[in-house]
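The values are calculated or read from the model by the stated rules, or taken from the named source; none is laboratory data. Not measured: the values here are computed from a predicted model. Note that we place each Cβ from the backbone using ideal geometry, even for glycine, and neighbour counts take in every protein chain shown.
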Amino acid sequence: MKENKIYDRYQRQIILPEFGEEGQQKLLNAKVLVIGAGGLGCPALQYLAAAGVGTLGIVDDDTVALNNLHRQVLYSVGDIGLSKAERAAEILSQLNPDINIIAFKERLTVENAMEIMQSFDIIIDGTDNFSTRYMINDACVLLGKPLVYAAISQFEGQVAVFCPHPLKGGSGSGVNYRDLFPEPPKDDEVLNCAEAGVLGILPGIIGTMQASETIKLITGIGTPLINSMWTYNALSNEVYQLKLSAKAQTRSLIPADEDAFKQMNYEWLCASTPTSFEIDSDKFDELLETGGIDIIDVRELHETPEVDEFDHRRIPMQQVETVARDLKSDTIVVFCQTGKRSKQAATLLSGIFGSSKKVYSLSGGIVNWKNQHTA
């Protein structure tokens, strides 16, 4: 009886030659976590529940609001003020009572992210802020979980699949979200949907694409967007697909392990902070003459050019936090190849030391400094 019920419900996709009963069974055995039950999460959840994903997790600490309803069509007016995670779970259980739905009515943080995510096979990012995106990405890399990413704004959306490790029976790469966006924008540099607006249908299109990519990952059919980013413009119907590649220096931006992850402050990383901690080559030369400073090279040990013009310590980016307390000088200067990683390191160290130490990042990096001194 149970087998007949399963066949009746999913018959239209089971009869697909590429899918079959084997594909349906893979879906029923799968566990997918959707972080964010908003514009992207709603369509992704609806189609994954309808398709028969056996276990769906929903993480969201927000409540339904009237201005959500033009795009978050899982909810209705009667749901205003209710928990999105709990209400989504209730509605999806009516759509498909034969699957397991777990609601996490809480905000994802560095303290709970690893624990929540580790029991799921695939993670879907349906969030709308950069600090959470970087946190989810780093947790996925550390846990070895495939991440189905998407973002929307106004009339445009994008989808990508990041697989930090090879999938069973297929190729994988180290490509992750940081390869696409190595340096987080500050929270006032990119407008979110609340500020820039969004066409209501757009998250439906992009969120459904996330569900489609997830189903392909689970069942092994088709070609998922691994190493690629798909973009769509609703006004022009233009579609682009960009190839992505892993960058060696990107890995150093990710916490080394779970303990380092829990020490990260992602909101600080993406917060609007003054750029006064950046100094140019002339100011750096003045500090060198003054002396009494700690100078740190946060590049990986294999990176060139070598630096023998002044005394310094070589501490790769992912180790900076663990050795921060060993820095005794009141002034710290951090440098890297081009100045991007050192800005993140300076931000991190400033968060640790507060006003007790002056922390600077060498603008333009060591390459720029050397060029100016050999010209």
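Report those helices (runs of 4 or more DSSP H) wholly inside segment 312-375 carrying at least 3 residues which are under 15 Å from ILE293 (Cβ atoms).
By residue number, 340-353.
Of all residues in segment 352-367, which are within 30 Å of the chain's Cα centre (by Cα) and under 14 Å from LYS283 (Cα atoms)?
Correct list: VAL359, TYR360, SER361, LEU362, SER363, GLY364, GLY365, ILE366.
Tell me, which helices (runs of 4 or more DSSP H) lie completely within segment 1-62 with 1 or more residues that are within 18 Å of GLN94 (Cα to Cα), at pLDDT 95 or above and among the hydroxyl-bearing types (Ser, Thr, Tyr)?
By residue number, 41-51.
Would you be able to say whether some residue in segment 4-20 is within 24 Å of the chain's Cα centre (by Cα), assigned by TED's automatic domain parsing to the domain that holds GLN154 and surrounded by fewer than 16 Cβ atoms within 10 Å (Cβ to Cβ)?
No: segment 4-20 contains no residue that is within 24 Å of the chain's Cα centre (by Cα), assigned by TED's automatic domain parsing to the domain that holds GLN154 and surrounded by fewer than 16 Cβ atoms within 10 Å (Cβ to Cβ).
Are there any strands (runs of 3 or more DSSP E) wholly within segment 63-180 with 2 or more residues that are closer than 22 Å to SER212 by Cα, modelled with pLDDT under 95 and over 19 Å from the mean Cα position of the chain (by Cα), and if so which?
Those strands (runs of 3 or more DSSP E) do not exist here; none qualify.
Can you tell me which of (1) more than 20 Å from the chain's Cα centre (by Cα); (2) modelled with pLDDT under 90; (3) not in a loop (DSSP other than H, G, I, E, B) is the one LEU301 doesn't meet?
Evaluating LEU301 over (1) more than 20 Å from the chain's Cα centre (by Cα); (2) modelled with pLDDT under 90; (3) not in a loop (DSSP other than H, G, I, E, B) leaves (3) as the failure.
Condition first: within 29 Å of ASP8 (Cα to Cα) and among the basic types (Lys, Arg). Can you find one or more residues in segment 26-42 that meet it?
yes
If you check every pair at least six apart or on different chains, which have Cβ atoms under 7 Å apart with a residue in segment 82-97 that is more than 13 Å from ALA37 (Cα to Cα) first and a residue that is modelled with pLDDT of 95 or more and in a strand (DSSP E or B) second?
Filtered contacts from segment 82-97: SER93/ILE101.
Regarding LYS262, is this residue in contact (Cβ under 8 Å) with a residue 24 or more places away in the chain and in a helix (DSSP H, G or I)?
It is true that LYS262 is in contact (Cβ under 8 Å) with a residue 24 or more places away in the chain and in a helix (DSSP H, G or I).
Here's a check for you: in segment 118-136, which residue that is hydroxyl-bearing (Ser, Thr, Tyr) and more than 22 Å from GLN72 (Cβ to Cβ) is surrounded by the fewest Cβ atoms within 10 Å (Cβ to Cβ)?
Among those residues, the one meeting the criterion is SER119.
State all residues of segment 288-310 that are surrounded by fewer than 17 Cβ atoms within 10 Å (Cβ to Cβ) and either of a type outside the set (D, E, K, R) or under 19 Å from ALA345 (Cα atoms) (or both); if no residue qualifies, say none.
The answer is LEU288, THR290, GLY291, GLY292, LEU301, HIS302, THR304, PRO305, VAL307, PHE310.
Of all the residues that make up segment 208-245, how many are surrounded by fewer than 16 Cβ atoms within 10 Å (Cβ to Cβ) and within 30 Å of ALA345 (Cα to Cα)?
The total comes to 4.
I'm trying to understand the selection: among the residues of segment 304-331, which are of a type outside the set (A, V, I, L, M, F, W, C) and within 26 Å of the chain's Cα centre (by Cα)?
PRO316, GLN318, GLN319, GLU321, THR322
Could you look through segment 202-237, keep only residues that are among the polar types (S, T, N, Q) and either assigned to a helix (DSSP H, G or I) or in contact with a helix residue (DSSP H, G or I) (Cβ under 7 Å, 6 or more places away or on another chain) (or both), and pick out the one that is farthest from LEU69 (Cα to Cα)?
Looking at residues that are among the polar types (S, T, N, Q) and either assigned to a helix (DSSP H, G or I) or in contact with a helix residue (DSSP H, G or I) (Cβ under 7 Å, 6 or more places away or on another chain) (or both), I get THR219.
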